[in-house]
Amino acid sequence: MTVYELICDENGIRIDKYLSQAEIGLSRNAAVSLIEAENVLVNGKTVNKKQKLMQGDIIKVSVPDPVEYEAKAENIPLDIVYEDEHLLVVNKPKGMVVHPAAGNYDGTLVNALLYHCKDSLSGINGVMRPGIVHRIDKDTSGLLIVAKNDFAHTLLAEQIKEHSFTREYEAVVFGRLRDDLGTVDAPIGRNPNDRKKMCVTQKNSKNAVTHWKVVERFKSYTHIKCRLETGRTHQIRVHMAYIGHPVAGDSVYGVKKEKTGFEGQCLHAAKIGFVHPATKEYMEFTAPLPEYFDKFLKKLKNTV
């Protein structure tokens with residue numbers, strides 16, 4: 001346990017905001033968690049997160065030591081599209097988190113991989129993300145590649161860095177796209193007003209390029225395919241929202257109160273291609289549209 005003692009130097013500021021601005025390395029959410037756990041005292045008394053401080057108040061903050069955690073093997077079924085001694089290609093279902101993190105320590109793809117592969121997973125990304133070369137969001141379904149050893153992991157990661165990976169997604173986006181195809185070339189970085197979100201920005205960002213083409217238009221939606229040149233966090237979701245056509249069902253970047261009939265965004269990693277690290281052969285795999293996606297398309301066809 002690490003204990004900090006602070007003396008407030010301003011009047012009327014909320015305790016959670018004050019702690020997030022103090023130089024003790026807490027986010028506002030972390031500060032709220034400590035307050036709710038009664039690990040924050042003001043003048044010797046517990047407080048709530050809305051407590052307003054006065055100049056001279058003495059704040060005592062007790063921060064528990066981090067808990068060491070190692071992902072555990074779990075017998076969870078996997079849809080394995082391809083496997084050899086160096087790698088796997090897995091079709092991840094919608095709703096499954098890729099690797100353990102705060103709030104999601106169990107039931108992840110990594111927990112399932114540890115059961116299936118035993119000790120045969122690369123260790124480059126540590127005990128929480130063994131074998132994980134790249135990720136897709138929890139509510140995005142589809143293909144991703146998993147490395148069984150560090151040799152494969154290194155060579156696959158180099159292909160991603162050089163943008164030589166083939167990654168093609170299918171999505172349904174809100175509104176009718178006028179053109180048949182297009183490219184969004186706009187840098188992506190953290191949203192300065194919400195650190196959990198990404199946005200198109202010139203500040204502290206990385207270049208991001210998404211190519212899209214129309215598959216079919218409906219009354220209020222468009223079915224598209226997207227090919228990634230880069231692989232930024234939430235790239236397709238951010239880029240399509242940026243051009244005014246957010247991914248259907250996207251609760252973060254999408255249309256509020258939209259009724260799709262399913263949880264999360266309608267986005268599927270349908271194709272992946274890469275040069276095998278050992279054989280040097282180009283390999284490409286596809287995954288059919290999942291049931292939720294197919295049902296939504298049929299529903300849209302009936303409303304045209």
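Name the residue that is most open to solvent (accessible area, probe 1.4 Å), counting only residues in segment 257-276 that are at pLDDT below 95 and either at positive phi or among the basic types (Lys, Arg) (or both). In this case the residue turns out to be 257.
When each of 279, 286, 303, 233 is tested for being open to solvent by 50 Å² or more (accessible area, probe 1.4 Å), without any contact (Cβ under 8 Å) to a residue 12 or more places away in the chain and either more than 30 Å from residue 191 (Cα to Cα) or hydroxyl-bearing (Ser, Thr, Tyr) (or both), the lone residue that passes is 279.
Select, from 110, 127, the only residue that is of a type in the set (Val, Ile, Thr) and either closer than 26 Å to residue 262 by Cα or at pLDDT 85 or above (or both).
On the way: 127 fails: either closer than 26 Å to residue 262 by Cα or at pLDDT 85 or above (or both).
Every option except 110 fails the conditions.
Scanning segment 111-149 for residues that are under 13 Å from the mean Cα position of the chain (by Cα), part of a loop (DSSP other than H, G, I, E, B) and not hydrophobic (A, V, I, L, M, F, W, C) gives 134, 135, 137, 138, 139, 140. Find the strands (runs of 3 or more DSSP E) located wholly in segment 1-110 whose residues include 1 or more that are more than 30 Å from residue 131 (Cα to Cα), touching a residue at least 40 places away in the same chain (Cβ under 8 Å) and not acidic (Asp, Glu), and list them. By residue number, 2-7, 58-63.
May I ask you to list the residues in segment 284-300 that are in a helix (DSSP H, G or I) and more than 15 Å from residue 260 (Cβ to Cβ)?
Taking segment 284-300 and keeping what is in a helix (DSSP H, G or I), we get 291-300.
Hits for segment 284-300: nothing passes.
Listed by first and then second residue, the pairs linking a residue in segment 143-157 that is in contact (Cβ under 8 Å) with a residue 24 or more places away in the chain and closer than 11 Å to residue 125 by Cβ to a residue that is surrounded by fewer than 19 Cβ atoms within 10 Å (Cβ to Cβ) and of a type in the set (A, V, I, L, M), with Cβ atoms under 6 Å apart and 6 or more places separating them unless they lie on different chains, are 150/124; 153/124. Using the structure shown, decide if residue 236 is farther than 18 Å from residue 83 by Cα and β-branched (Val, Ile, Thr). Judged against the criteria, residue 236 is a match.
Is it the case that residue 244 is surrounded by fewer than 16 Cβ atoms within 10 Å (Cβ to Cβ), touching a strand residue (DSSP E or B) at 6+ places or on another chain (Cβ under 9 Å) and either modelled with pLDDT of 95 or more or closer than 21 Å to residue 303 by Cβ (or both)? Judged against the criteria, residue 244 is a match.
The values are calculated or read from the model by the stated rules, or taken from the named source; none is laboratory data. Note that the structure is a prediction, hence the values are computed from the model and not measured. Neighbour counts are summed over all protein chains in view; Cβ atoms, including those assigned to glycine, are modelled from backbone coordinates with ideal geometry. Surface areas here come from the heavy atoms of the whole protein model, side chains and all, with no ligands, DNA or RNA. Shrake-Rupley method; radii C 1.70, N 1.55, O 1.52, S 1.80 Å.
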